[in-house]
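First comes the structure, then the notes that go with it.
Derivation of every value follows stated rules applied to the coordinates shown; laboratory data play no part. Keep in mind it's a predicted model, so treat the numbers as computed, not measured. For neighbour counting, all protein chains shown are included, and Cβ atoms are generated from backbone atoms with ideal geometry for every residue, glycine included.
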Amino acid sequence: MGFFTLQPTMVSIILSGLLSVPSVTPHTAGSDGIPQASVKIEESADNSVILHSLTISGLSSKDTEENIILDSPVHLKLECILKADSMPISNLTWIHGEEEINKDRYSENNTAGEWRTTLEVSVADVNSTGSYACIFSSTTEAKATFYIKVPGVHSGGKTLVTYNGDSTVLKCDSFKYKPVEWLWYKVNENEQVLLTISSESSRFKQDNKTANETKLHISGLTEGDSGAYVCKAVYKTGESEGQVEVNVLSLMVPFKVFLAIVAEVAVLVGIILGYELLSKKKHSEEEVKSEDEQMANLKSEENGKSEESTTRQRKA
């Protein structure tokens, strides 16, 4: 049995399995944000054993986490190796989720400067998936966790917008994995209702031309068809699901939008015309005022000249 050593702050974990035809995928970058580690995979002569290896350099090392994706039953061996140096280990435990695993289910071995523990797990259904962690305890603690999961489902993540009377197609895929079955549900309030697709007269038609993809065709859409639809991929080891949002609009919606735009344009034009009218009125008033002032000035000048002439005549 060989193993591959990573950075000094990592945990050495050897994972092997007797496979029927499962897919075991180590990820180097998880989509759910869990830190991943590079994994070396080795197979035995009969192709029945897979080894995953990581290393803990000491109890002060950070916890290590790894995703293992399974789409069919498999027998796994999870092994943690701790380089403990001279620090004594006071306790060693394995947990599945929050539940402690009985000591008779795993082995442990302490050699010079190294602790090794092995847990065998038969992953047969959803009850045997989840997190498995080995925990070494002393004055400090070191932990390595395996997250055994079924493959995820990709559903696009965008809301489909359509109109009354139209048809639409919802799509989900499971990447390279092949579920045993695909199911479609409609979410009513907080409840998932399985869609009736077998009937020939049904408005819902399911298309599974490839095992890793499913399509739901919906015809004769009404506003009542708006909401969330769930595509569920069923595996022997569990289920995973994706969700597609559909928004069915009335045909009046675009007309209402058009009317709203027309109303906004009309208001804008009214404001412009009103401003122009006010500007013209103000300009006209200013012109009239200017003419009045000119007439008043002329009259004032004429009166002044008349008074001056009268004064001269009197002096003469």
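Which of the GluC sites (Glu not before Pro) found in the stretch 74-182 are loop residues per DSSP with 13 or fewer other Cβ atoms within 10 Å of their Cβ?
Filter output for the stretch 74-182: Glu98.
So if each residue of separation counts as 0.36 nm, and I subtract the Cα-Cα distance between Lys158 and Asn188, what length gain in nm does that give?
Extra length available between Lys158 and Asn188 comes to 8.9 nm.
With viscosity set to 1.567 mPa s at 4 °C, what whole-number translational diffusion coefficient in µm²/s follows for the stretch 64-216 from Stokes-Einstein and a Kirkwood radius over Cα pairs?
After rounding, the answer is 67 µm²/s.
With N set to the number of residues, divide the alpha-carbon radius of gyration of the stretch 97-159 by 2.2 N^0.38 Å and report two decimals.
1.56
Could you tell me, in Å, what Rg and Dmax come out for the Cα atoms of the stretch 127-184?
Cα-based Rg and Dmax for the stretch 127-184 come out at 20.5, 69 Å.
Sketch the reach of a paramagnetic label on Ser226 as a point 7 Å from Cα along Cα-to-Cβ, and name the residues of the stretch 162-182 whose backbone nitrogen lies under 16 Å away.
162-166
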